[in-house]
Amino acid sequence: MGANRPSAQQLAAAEGVTIPDVLSPGLRVLFCGINPGLWSGATGYHFARPGNRFWPALHASGFTPRLLQPHEQAELLDYGLGITNFVARASARAAELSDDELRAGGQVLARKVRRYQPAWVAVVGITAYRVAFGQRRATVGRQDRCIGGARVWVLPNPSGLNAHWTAATLAAEFRQLRRAVEEGSGG
């Protein structure tokens, strides 16, 4: 579907659809979203909805040399980056997910991390992280715990609906992660 805009019918049909992870062994960073939105379900690409700031933040932070479009997501692997989600099924809003689904997704994420061994896991969404791992007081930034042997960083949700974070402040958080990854430090 590339950059085409899904129709209302395609968006409705995307409810519950799953999209494949962008994943390979030994990544520098595995980004973990909450779950695909309907745009992602309809197009088959992560963070596909116009207004989602994931791709611009990734570029502005220096993780990618140019602004990638969702349909170019496979290029992330060339930069040692990947994408997965806590919950595989697409929904109109992340709020439709149950706490049980998020906790189960945390277990699935830990298994993926043990299998593929990324250096870092960057969870994109503080509330989902708190629920999935029972970390009620977690804040954005480097976490004290590891998941499946990988260091953990929590980033704000890049959805355009997350008005607490501007494009600039979101990119700044991504940039802090990139610096920690490049330094090989804990942040």
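The values are calculated or read from the model by the stated rules, or taken from the named source; none is laboratory data. Note that this is a predicted model, so its numbers are computed, not measured. Using ideal geometry, Cβ is built from the backbone for each residue, glycine included, and neighbour counts are taken over all protein chains shown. These accessible areas exclude ligands, DNA and RNA; they are computed on the full protein's heavy atoms, side chains included. Shrake-Rupley method; radii C 1.70, N 1.55, O 1.52, S 1.80 Å.
Observations
- Here is the figure for region 2-27: residues that are aliphatic (A, V, I, L, M), assigned to a loop (DSSP other than H, G, I, E, B) and open to solvent by less than 70 Å² (accessible area, probe 1.4 Å) total 5.
Okay, residues lined up against (1) free of Cβ contacts under 8 Å to residues at least 40 places away in the same chain; (2) more than 23 Å from R49 (Cα to Cα); (3) touching a strand residue (DSSP E or B) at 6+ places or on another chain (Cβ under 8 Å):
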{"site": "A119", "(1), (2), (3)": "no, yes, yes"}
{"site": "I126", "(1), (2), (3)": "yes, no, yes"}
{"site": "V131", "(1), (2), (3)": "yes, yes, no"}
{"site": "Q135", "(1), (2), (3)": "yes, yes, yes"}
{"site": "Q143", "(1), (2), (3)": "yes, yes, yes"}
{"site": "C146", "(1), (2), (3)": "yes, yes, yes"}
{"site": "A150", "(1), (2), (3)": "no, yes, yes"}
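- Region 56-89, residues that are of a type in the set (A, V, I, L, M) and either within 13 Å of the chain's Cα centre (by Cα) or modelled with pLDDT under 95 (or both): A57, L58, L76, L81, I83, V87, A88
- Filtered by the rule that a residue be more than 16 Å from L177 (Cβ to Cβ) and surrounded by 15 or more Cβ atoms within 10 Å (Cβ to Cβ), region 128-148 gives A128, R130, V131, A132, F133, Q135, G148.
- Count of residues meeting criterion [in contact with a helix residue (DSSP H, G or I) (Cβ under 8 Å, 6 or more places away or on another chain), among the aromatic types (F, W, Y), closer than 19 Å to S24 by Cα and without any contact (Cβ under 8 Å) to a residue 60 or more places away in the chain] in region 43-85: 1
- Among the residues listed as A48, A74, the single one being open to solvent by 30 Å² or more (accessible area, probe 1.4 Å) and not acidic (D, E): A74
- For F174: the one exception among (1) open to solvent by less than 70 Å² (accessible area, probe 1.4 Å); (2) closer than 25 Å to T43 by Cβ; (3) out of contact with any Leu (no Cβ under 7 Å at 6 or more places or on another chain): (3)
- A110 vs. criteria of a type in the set (A, V, I, L, M) and without any contact (Cβ under 8 Å) to a residue 12 or more places away in the chain: no
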